[in-house]
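A quick write-up on the structure given underneath.
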Amino acid sequence: MSIFAQDIRYGLRALLRQKGFATVAILTLALGIGANTAIFSLLNPLLFRPLRVPDAERLCRVFSGRSGGNLYARMSYPNYTDLRANLQAFESLSASSWPVPFSMGLGTEQGGPSQTEVVWGAVVSGNYFTTLGVRTALGRPFLPEEDSVPDARPVVIVSHRLWQRKLAADAGVIGRALRLNSREFTIIGVAASHMPQTEPLFPADLWVPMMMQAQAMPDQAHKLTSRGETWLSVFGRLRPEVSLTQARAELDTWARRLEQSYPGENRRLVLPVSTEQDSRARQLSGVAPLGWGLLGLVALVLLIACANIASLLLARALARQREFAIRASVGASRSRLVRQLLTETLLISLIGGLGGLAMASAATRGLLALTPPLPIEIAVDAGIDVRVMLFTLVVSVATGLLLGILPTIRSVKQDLTSALKHGDAGTSRTRTRMLARDVLVVGQIAVSLILLIAAGLCVRSLQQAQHISVGFDPENRLLATVDVGRAGYSQEQGVTFQTRLLEEVRAFPGIVAASFTAHPQLGPGYLGDGRLYVEGEAPVPDDQRPVVYYDKVAPRYFEAMGTPLLSGRDFTEQDRVGMRSVGIVNEALVRGIGLGESPIGKRLRLSNAPTAPWIEIIGVVADGKYQSLGEPPQRHLYLTSLQNFHSAMTLVLHTSGDPRSYMQLVRSLVQKLDPDLPVTDVRTMNEHLGFALYPARVSALLFTVSGGLGLLLAMIGVYGLLAFVVRQRTREVGIRIALGARSRDVVWLVARNTIVLLAAGLGLGLFAAYSAAGMMAKLLYGLNARDPLTFVAAPVFLLLTAVVAAAVPARQASKVDPLVALRAE
């Protein structure tokens with residue numbers, strides 16, 4: 001330990017003597033390690049960190065699936081209650097449905113809500129909190145009798161966040177009323193600030209007991225009685241003496257019993273069970289590849305940083321050959337020299353790791369700010385914990401060892417006599433000693449070029465995406481969502497409300513057109529799809545029928561959206577329930593199912609059931625983009641909302657001026673018609689398109705930042721290479737200048753090797769980027785993954801930047817004073 005401490009002291013003194021080198025090395029590693037730590041900090045709570053509950057290893061998820069199909073689906077309430085009453089492997093079995101939107105306002109004792117708003121909560125079984133093993137900060141969890149009789153006990157537990165933001169952190173909140181979906185609920189508890197998120201990414205703001213499901217989800221009141229409706233996440237706590245294998249065996253037995261008892265709803269039923277942590281990884285199966293991809297991307301940045309520092313360390317080690325030779329000649333063993341050099345590189349990487357932790361904290365906040373524009377909040381507890389610190393330590397130590405291996409090998413394999421005789425100057429005599437450094441510089445340039453080309457492709461793709469024809473005009477359009485189902489409206493009441501709201505809005509000055517849609521184009525999710533049946537067609541198996549996406553819209557929708565009506569007519573107020581069912585199709589549907597040049601008057605339907613209505617085509621509109629900007633032409637059918645009621649509708653306004661100035665108008669008109677109805681997700685159409693552009697924007701940003709960091713690090717490497725060459729060849733340069741060499745000859749002398757390395761790095765990077773371009777295709781919109789402009793511009797930009805980086809040391813070489821150079825030798 002005393003020798004180790006001595007090595008540390010000597011290493012610190014050596015770094016202090018070369019402050020410039022130490023600063024560049026530490027900052028470079030801090031950037032690379034910090035980027036990797038930031039990505040791991042996001043993956044940690046999603047994939048690795050267990051829920052912060054007592055005995056988290058005994059918490060398991062139980063799924064309800066089909067053999068030969070989706071094994072990890074949600075469960076119906078009747079199946080859940082049967083399992084809860086009979087399973088012996090679990091201490092308790094709980095269920096929750098999330099996310100559930102609630103219209104919220106303060107109760108009447110506070111004078112009524114000034115403005116109703118939407119909060120997101122969960123419908124949970126009465127043993128939800130006790131199964132998790134968490135306590136409330138105020139009040140109590142649910143009692144068994146509060147979850148035994150439907151619609152009898154309207155109680156609610158609010159989150160700590162909601163309590164602070166909306167209830168003024170009032171300690172006397174217990175017993176107060178909270179108005180949810182036009183019904184008063186009594187607050188019985190405030191959850192703890194560290195309440196675990198049983199649904200990854202989405203934090204709940206309140207919890208109501210399962211028996212209040214009909215009030216929480218008024219348009220789906222049948223869920224508690226339907227055995228075929230799978231909508232619950234089920235988790236349980238194993239008994240201490242029961243293993244996961246035993247629980248699986250019992251669930252297999254009950255899967256067969258439930259299938260025998262209810263063969264219609266439970267055909268091929270399987271009940272898989274897995275630990276909570278494994279279940280979260282499965283739930284986030286789409287997020288995990290993205291996270292690992294980002295980690296791979298920033299690992300490239302760290303690789304460039306390592307190559308950069310390794311080349312600097314090589315130069316530093318070559319410059320210290322006389323020192324090593326003297327130490328070896330007075331008795332230092334090679335193992336002692338190796339230990340000293342590795343200690344120095346580990347010091348650099350560990351200090352860089354500490355800086356990386358600080359940078360990761362800021363970078364993580366920036367990454368979390370990149371969440372997609374959704375009506376529901378996304379939350380990730382990406383704080384630095386022991387696991388993140390351990391990851392940073394492992395990366396730092398691995399980086400230090402990787403950095404130290406090559407310089408150490410080059411330093412200990414030397415000719416002591418030559419090193420003592422020539423010292424630092426001797427390094428210029430053996431070109432092979434610089435080969436490793438040259439390879440590192442070539443690798444830096446190649447990887448930097450790959451990142452720059454990827455960044456260029458993403459930026460160009462974003463530019464192309466903003467000019468893709470979406471089938472409507474986004475300018476001067478405002479969207480606002482109103483869900484009458486949360487207030488318990490019947491279909492007739494809902495249609496009446498929506499009609500009255502349209503009348504009020506259309507009468508306001510400055511409104512060019514107004515309508516409703518059940519699902520705005522290019523928004524998250526989609527209303528539905530179905531199989532097309534065309535009247536008079538030849539019989540075709542159901543699984544071979546064309547798929548069509550459909551939406552429900554109000555009259556004048558295409559006018560409000562600016563979508564061209566190519567033939568036929570729009571929906572009118574006369575297209576109501578009791579009249580013939582009508583629909584409007586797009587061009588892709590007409591082409592895809594061969595309806596001929598004039599499809600007007602032809603009939604189709606979305607089901608082969610005898611009760612399914614035939615829908616008469618009354619119009620054809622232009623194609624558009626419905627789910628993503630990169631999708632091929634999709635068959636699309638529009639139904640009138642007057643015949644096909646939908647409770648949650650989005651108002652579409654075409655305004656004559658800035659649509660933002662009409663936001664308050666929409667809110668006031670809805671509040672005038674019903675104070676209990678909130679207006680949610682109010683945004684301009686251009687803001688709405690931010691969701692569709694989100695993948696392109698995030699890809700462009702992340703690749704641009706990574707490419708910029710890679711470029712910066714590579715240029716530091718080029719600068720370091722030339723600066724080292726100038727230093728090592730100072731005597732030679734001085735002699736040449738004394739003999740009459742011109743400045744440009746000197747510049748060429750020191751720069752020609754760098755030019756060769758640049759050419760090699762650019763060639764290698766271009767080849768690798770061109771070969772791997774197909775991997776980028778899914779991220780690009782309207783752009784070839786081997787876009788010629790990008791593949792020309794990126795190398796030119798890198799070359800110009802390298803010239804700038806090389807200019808300073810090259811100029812220094814041309815200004816060398818021969819007398820000073822020779823005197824130094």
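The values are calculated or read from the model by the stated rules, or taken from the named source; none is laboratory data. In this text, all values refer to a predicted model and were calculated from it rather than measured experimentally. Cβ coordinates were reconstructed from backbone atoms using ideal geometry, including for glycine residues, and neighbour counts include every protein chain displayed. All accessible areas refer to the heavy atoms of the entire protein, side chains included, with ligands and DNA or RNA removed. Shrake-Rupley method; radii C 1.70, N 1.55, O 1.52, S 1.80 Å.
Here are a few things to note about the model shown:
- Residues THR572 and ALA379, FRET efficiency given R0 of 60 Å [Cβ-Cβ distance, rounded to 0.05]: 0.85
- Under 5 Å from the amide H of LYS552 lie the amide H atoms of ALA518, HIS519, LEU639, each residue being 5 or more positions distant or on a separate chain, with H modelled from the backbone and absent for Pro and chain starts.
- Spin-label zone in the stretch 461-480 - amide nitrogen under 19 Å from a point set 7 Å from the Cα of GLU687 along the C-beta vector: 473-480
- Nearest 10 degrees, 0 to 90: helix 77-86 Cα axis against the chain principal axis: 80 degrees
- Under 5 Å, built H, 5+ apart or other chain: amide partners of ARG176: ILE187
- Selection of trypsin sites (Lys or Arg not before Pro), the stretch 497-582, meeting DSSP coil and at most 14 other Cβ within 10 Å: ARG569, ARG576, ARG580
- Helix 743-771 vs. the chain, principal-axis angle (Cα, 0 to 90°, nearest 10): 30 degrees
- For ARG239, nonlocal amide neighbours, meaning residues 5 or more places apart or on other chains whose placed amide H falls under 5 Å from its own, are PHE90, GLU91.
- Helix 491-506 vs. the chain, principal-axis angle (Cα, 0 to 90°, nearest 10): 60 degrees
- 3J(HN,Hα) along the stretch 653-658: 10, 9, 10, 7, x, 4 Hz, from the Karplus curve 6.51 cos²θ - 1.76 cosθ + 1.60 with θ = phi - 60°, whole Hz, x for Gly and Pro.
- Cα→Cβ-extended label distance, 7 Å offset, between GLN627 and ARG786, nm: 3.0 nm
- Qualifying trypsin sites (Lys or Arg not before Pro) for the stretch 240-307 [loop in DSSP, other Cβ within 10 Å: at most 14]: ARG267, ARG268
- Karplus 3J(HN,Hα) series, Hz, for the stretch 798-809 with 6.51 cos²θ - 1.76 cosθ + 1.60 (x for Gly, Pro): 5, 5, 5, 5, 5, 4, 4, 5, 7, 5, 5, x
- Positive-pole candidate from PHE571, PRO372, ILE445, dipole of the chain, charges at beta carbon: ILE445
- Dimensions of the chain based on its C-alpha atoms, expressed as ranges along the principal axes with the largest first, amount to 103, 69, 57 Å.
- Å² per residue, accessible surface of the stretch 1-62 at 1.4 Å: 44 Å²
- Label-point gap, in nm, between SER661 and VAL149 - each point 7 angstrom along Cα→Cβ: 5.7 nm
- Linear extension gain, LEU390 paired with GLN466, 0.36 nm per residue minus alpha-carbon span: 23.1 nm
- Cα lying deepest toward the dipole's positive end in the chain, options PRO659, GLY494, GLN463, charges on Cβ: GLN463
- Sum of side-chain charges, ASP82 neighbourhood, beta-carbon under 10 Å (Lys, Arg +1; Asp, Glu -1): +3
- Label positions at ALA793 and ALA169, each projected 7 Å from the Cα along the C-beta direction, are separated by 5.0 nm.
- Surface share of carbon and sulfur [accessible, 1.4 angstrom probe, percent] for the chain: 59 percent
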